[in-house]
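Peer 1: Dropping the structure in here first, questions after.
Nothing in this text is a laboratory measurement; each read-out follows from the coordinates by a stated rule. Just so it is clear, the structure is predicted and the values come from calculations on it, not from any experiment. Counting neighbours? That spans all protein chains shown, and the Cβs are built from the backbone with ideal geometry, glycine included.
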Amino acid sequence: MVGTVISADMDLIAQMQPNHKARFVAPEVPALRTETTAGRPLRLNTGRVRDQWHTMTRTGISPRLGQHLPEPFVEVHPDDAIRFAVADGDFARVVTDYGQCILRVVVSERQQRGMLFAPIHWSDANASAARVGALVAPFTDPFSGQPENKATPVSIAPYEYVFRGFALSRAQLELPPHAWWTRVAVTGGYGYLFADNADLAGWQSWLRSVAGSDLAEYKDLGGGIYRAASFAGDHIETCLFVGPARDAGDWDVVKSLFAADALGDDQRRMLLSGKSVDGLASAGPIVCACFGVGRTTILAAIAAGAGSPAEIGVQLKAGTNCGSCIPELKRLIAQTKVAGAEVDPGQRQFARVAN
C-alpha cells in the first residue's frame, strides 16, 4: 500500500487517488516457491478448525470444545483416497520434505482434489506425531513474513495399527513410547485416544504401574482385548480400554461414567463392557458445543424428518445460539439425503414396513 494511512495523510491520498481510497500495489506477482513432484504429488493446506485456536493452550483445556474433533486428522478428497489407498477412519503417514505426521483420515468431498488439509492445533505437548506446523515449507513473504503454509508439496500413505483404544485419568499420564496418542480435556480429568502395534500384554503391565490397588480387569489376549479400571471410593480414578481397530469400547459412554461423582452398582458392573447400562447408544461426537448435541442425535432427528437447520434447532436447539455448527448441520442433512437416494426404493419400502 502506498503510504501509511493516518488522518494527517488524507489530503495527500486525495491528491494521489481521486476517489479518496488507498491504492494497493503488489510489489511482485505472487507465485508459489514449490512444485509438486512424483514423490510429493499433492499439496498440503493447513489451518484451524471451528472449536480450537492456535496450539490449544486455552481452548484445549475445555472439555466441551474437545468433544467435537478430539483427534488430529488429515482431510482427503474421495478420489485421492482411492488413488493413495487411504480409508476414512484409518491412519495415514503424511510426509513433506520437512517432516512427517501420522494422522487419522477423514475422507470428504469438501476437500479439493490434489489437496490435503490438516489442522495446526496439535503439538508435541498433546500428541505424539501430529505437529503439522513442522510439515510446512519454510518460505515466507518478504514483506509480511507470512509463511507459505497453504501449499506445501506432500505425500500420503496408509499406516496400519492393530490395536486402538483410550484411557481416562484424573492426572496426566505418560503413555508407552511405542503408542500413537493424543490427549483431550474431559470432564474430571484427561482423556487419551491411542493406537498401537505392540504386544497387548504390555498395556496390562503399564496400567498396573499407574493404577491404584482397587483394580477391575477384563482380558481376552487371544481376542486382542484388554479393559481395566481402578477406583477411588465410588468413582473411576483411571481406566484403559484396548481392542481391535473398531472394538475398543464406547469412548463417549465411558467418558460419561468417568465424569460421574459416584457409580451405582449396575454402572460399575457394566463399565468394562464399554456400553451404557440402559443400552442406549451414545450421542456421538458433539456437533453443537453450545447445547452439547451429538452427531448421532442430530442424524436421528434428520432421519425422523428434520430437513433444515431451523427444524433441527426447534427439536434439539442445535444451531440456535452462536450458529457456528450450522454449516455442519447442512452437511449432515445433505449427506443423509444422498445416502437415502442411493438406497433402492424397494429397500426403503421394506424398511418402513419393518419399522
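Peer 1: Quick one: 3J(HN,Hα) in Hz for the range 146-154, Karplus 6.51/-1.76/1.60 with θ = phi - 60°, rounded, Gly and Pro as x.
Peer 2: Along the range 146-154, the couplings run 5, x, 7, 9, 10, 7, 6, x, 8 Hz.
Peer 1: Short version: ³J(HN,Hα) in whole Hz for each residue of the range 197-212, in order, from phi by Karplus 6.51 cos²θ - 1.76 cosθ + 1.60 (θ = phi - 60°), x for Gly and Pro, what are they?
Peer 2: After applying 6.51 cos²θ - 1.76 cosθ + 1.60, I find 10, 7, 4, 4, 4, x, 5, 5, 5, 5, 5, 4, 7, 10, 8, x Hz.
Peer 1: When the gyration tensor of the range 31-180 is built from Cα positions, what are the square roots of 5 times its three eigenvalues, in whole Å, from largest to smallest?
Peer 2: After diagonalising the Cα gyration tensor, the semi-axes are 26, 20, 14 Å.
Peer 1: If you take every DSSP beta bridge fully contained in the range 43-117, what fraction is antiparallel? Give it as a percent rounded to 5. Display every interim value, and only then the final one.
Peer 2: Values: 7 of 14 bridges.
So the antiparallel bridges amount to about 50 percent of the total.
Peer 1: Given the peptides 220-226, 288-294, 260-266, arrange them by the average over their residues of other C-beta atoms within 10 Å, most packed first.
Peer 2: For the peptides 220-226, 288-294, 260-266, the packing ranking is 288-294, 220-226, 260-266.
Peer 1: Rounded to the nearest 20 Debye, what is the dipole magnitude of the chain about its Cα centre when Lys and Arg each give +1 and Asp and Glu each give -1 at the C-beta?
Peer 2: Here the chain has a charge dipole of around 580 debye.
Peer 1: Report the extension gain between PHE139 and ARG113 in nm, rounded to one decimal, defined as 0.36 nm multiplied by the number of residues separating them, less their alpha carbon distance.
Peer 2: Extra length available between PHE139 and ARG113 comes to 7.0 nm.
Peer 1: Moving to a separate point now. Under 17 Å Cα-Cα from LYS150, which aspartates and glutamates qualify once same-chain neighbours fewer than 8 residues away are excluded?
Peer 2: GLU35, GLU75, ASP97, ASP141
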